[in-house]
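Please read the structure below before turning to the comments.
The values are calculated or read from the model by the stated rules, or taken from the named source; none is laboratory data. Here the structure is a predicted model, which means the values were calculated and not measured. Note that each Cβ is placed from the backbone with ideal geometry, even for glycine, and that neighbours are counted across all protein chains shown. These area figures cover heavy atoms from the full protein model, side chains too; ligands, DNA and RNA do not enter into them. Shrake-Rupley method; radii C 1.70, N 1.55, O 1.52, S 1.80 Å.
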Amino acid sequence: MEKGQAFTLAEILIILAIIGIVATLTIPMLINNYQKTQQVTALRKVYSQLSEAIDRMMVIEGVEKFSDTTILNGNNADPKAFFKKYFRVSKFCAKEDFASCFAEATSMDKSKTTNPASDKTCVMVKDGTSICVHTYENAEYPPCFVVDTNGLSKPNIAGRDIFTFYAYWDGSIDDITPEGLAYAESTAREWRKASCEGSPYGAGCLSRIIDDGWKMDY
């Protein structure tokens, strides 16, 4: 009976080198996919929280339009009360102190950097999410929400952990502007794609993720 031949040292080194190359190629991709999954899960959570809060507010205040609630209604507008009533707030940040709740953001293509929370009322909730809202006095625009799904923690990249969207009069949430809604759906989709990749606000990314079945396929 013949004995099996053992691997030589050179063969073992070649195998280890191949394993190392495969690991170098696949591990970063696996880590990136895992991070995207975590980011989408966090976005879906805050999206659901905001949707539920908006619906509850409209029901409790007995109005049919979100624009008639106290978050928007004329001189009685009170975004801070909205957060206090419907979220587990750990910290409030006034418009002048927004940077203590919200980190500076960079667009995915790294061409732009800004703080999307500028001139907005912001909070940090107890799960670590930062949420800001900007309301418009003339009510021509619905309130604009900006969220950072992991607060001040990195990556602070628009479209990864930072997103911007609007809450419309019927309580629905969409990240396209009122002007964009006037265009055909195909045009709106192109706007979302371009804006998501080049905006430091993360505008357009929410719809892309939802359209792709709650996946970050970009």
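Odds and ends about this structure:
- Hey, Ile19 over 23 Å from Asp127 (Cα atoms) and either over 16 Å from the mean Cα position of the chain (by Cα) or open to solvent by 80 Å² or more (accessible area, probe 1.4 Å) (or both) or not: yes
- The set of residues in segment 90-104 that are open to solvent by 20 Å² or more (accessible area, probe 1.4 Å) and part of a loop (DSSP other than H, G, I, E, B) comprises Ala94, Glu104.
- For Thr164, the test of being among the β-branched types (Val, Ile, Thr) and either assigned to a loop (DSSP other than H, G, I, E, B) or modelled with pLDDT of 90 or more (or both) is passed.
- Residues in segment 105-157 that are open to solvent by 20 Å² or more (accessible area, probe 1.4 Å), of a type in the set (A, V, I, L, M) and not in a strand (DSSP E or B) were compared, and the one that is nearest to Ala81 (Cα to Cα) is Ala139.
- The selection criterion, being within 20 Å of the chain's Cα centre (by Cα), closer than 30 Å to Gly213 by Cα and surrounded by 14 or more Cβ atoms within 10 Å (Cβ to Cβ), holds for Phe87.
- Extreme residue, most open to solvent (accessible area, probe 1.4 Å), among residues of segment 173-208 that are at pLDDT 90 or above and under 30 Å from Asp68 (Cβ atoms): Tyr201
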